[in-house]
Amino acid sequence: MKSYCNVFVAVRNGYSCVPVALADGLDIKLGTAVTDIQYGGPGVTVKAVSTRNPSQPQTFKGDVVLCTLPLGVLKVAVANNGQNQQNFVKFDPPLPDWKVAAIKRLGYGNLNKVVLCFERTFWDPSANLFGHVGTTTASRGELFLFWNLYSAPVLLALVAGEAAAVMENVTDDVIVGRCIAVLKSIFGHAAVPQPKECVVTR
């Protein structure tokens with residue numbers, strides 16, 4: 001197996017700090033569900049309901065709207081636009097055909113993580129991450145990236161694509177065993193100890 005090590009920039013405290021920084025100074029309406037987005041004229045109107053008091057709709061007006069709905073919500077919205085809109089977001093006017101086609105073409109990704117806690121660090125602690133490229137096309141997403149996120153002997157491994165789908169049906173012990181095998185292929189058998197604790201996401 002081959003490995004690579006290169007300069008890579010990552011958000012050190014996780015990507016969640018990006019929207020937190022962007023939201024600084026904004027009036028965030030928590031517990032509020034958007035029901036309608038009216039655009040196309042001068043300005044935009046967003047209609048919403050409070051999850052605490054759904055009988056009193058709210059209206060927000062602005063110059064533009066930045067729509068960051070999850071892909072699944074967008075897919076349902078474009079599939080049901082103009083029909084029964086209970087629990088769906090309605091766009092008025094409906095989104096253009098080219099945009100609807102793009103939303104329908106987009107697929108969902110699956111990214112799982114394996115957290116490995118060791119007694120000691122056996123990798124270069126100054127490296128933020130290191131990678132691994134599988135030998136087959138199907139294994140390209142298997143443990144392709146290991147992040148050194150903490151000032152502790154902890155690695156976070158990423159699994160994506162077909163490998164993530166396969167991982168859904170495999171026990172944690174098998175997944176951790178595969179992690180150790182990959183790490184041994186990179187650092188050598190003697191260098192890699194068994195982890196003292198592991199967490200596998202699905």
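The values are calculated or read from the model by the stated rules, or taken from the named source; none is laboratory data. Keep in mind the model is a prediction, meaning the values are calculated, not measured. Here the Cβ positions follow ideal geometry from the backbone for every residue, glycine too, while neighbour counts run over all protein chains shown.
Descriptive notes on the structure:
- Within the stretch 145-201, tally of residues that are over 21 Å from PRO125 (Cα atoms), surrounded by fewer than 13 Cβ atoms within 10 Å (Cβ to Cβ) and of a type in the set (D, E, K, R): 2
- Members of the stretch 170-202 that are part of a helix (DSSP H, G or I), without any contact (Cβ under 8 Å) to a residue 12 or more places away in the chain and over 27 Å from the mean Cα position of the chain (by Cα): LYS184
- Enumeration of residues in the stretch 13-40 that are of a type in the set (D, E, K, R) and either touching a residue at least 40 places away in the same chain (Cβ under 8 Å) or assigned to a helix (DSSP H, G or I) (or both): ASP36
- In this structure, ALA190 does not qualify as touching a Gly at 6+ places or on another chain (Cβ under 9 Å) and modelled with pLDDT under 95.
- Matching residues, the stretch 150-167, being outside any strand (DSSP E or B) and more than 20 Å from the chain's Cα centre (by Cα): SER151, ALA152, PRO153
Table: residues versus (1) without any contact (Cβ under 8 Å) to a residue 40 or more places away in the chain; (2) of a type outside the set (A, V, I, L, M); (3) in contact with an Asp or Glu (Cβ under 8 Å, 6 or more places away or on another chain).
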position	(1), (2), (3)
THR51	yes, yes, no
LYS61	yes, yes, no
ASN80	yes, yes, no
PRO93	no, yes, no
GLY107	yes, yes, no
CYS117	no, yes, yes
PHE122	no, yes, no
ASN128	no, yes, no
ALA157	no, no, no
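- Selection status of SER139, out of contact with any strand residue (DSSP E or B) (no Cβ under 7 Å at 6 or more places or on another chain) and either under 16 Å from PHE118 (Cα atoms) or in contact (Cβ under 8 Å) with a residue 40 or more places away in the chain (or both): no
- Selection from the stretch 104-126 of residues that are part of a loop (DSSP other than H, G, I, E, B), within 23 Å of the chain's Cα centre (by Cα) and not aromatic (Phe, Trp, Tyr): LEU106, GLY107, GLY109, ASN110
- Of all residues in the stretch 41-76, those being in a loop (DSSP other than H, G, I, E, B), surrounded by 11 or more Cβ atoms within 10 Å (Cβ to Cβ) and of a type in the set (Val, Ile, Thr) number 1.
- In the stretch 92-127, of all residues being at pLDDT below 90 and exposed (fewer than 14 other Cβ atoms within 10 Å of the Cβ), the one that is nearest to ALA181 (Cα to Cα) corresponds to PRO125.
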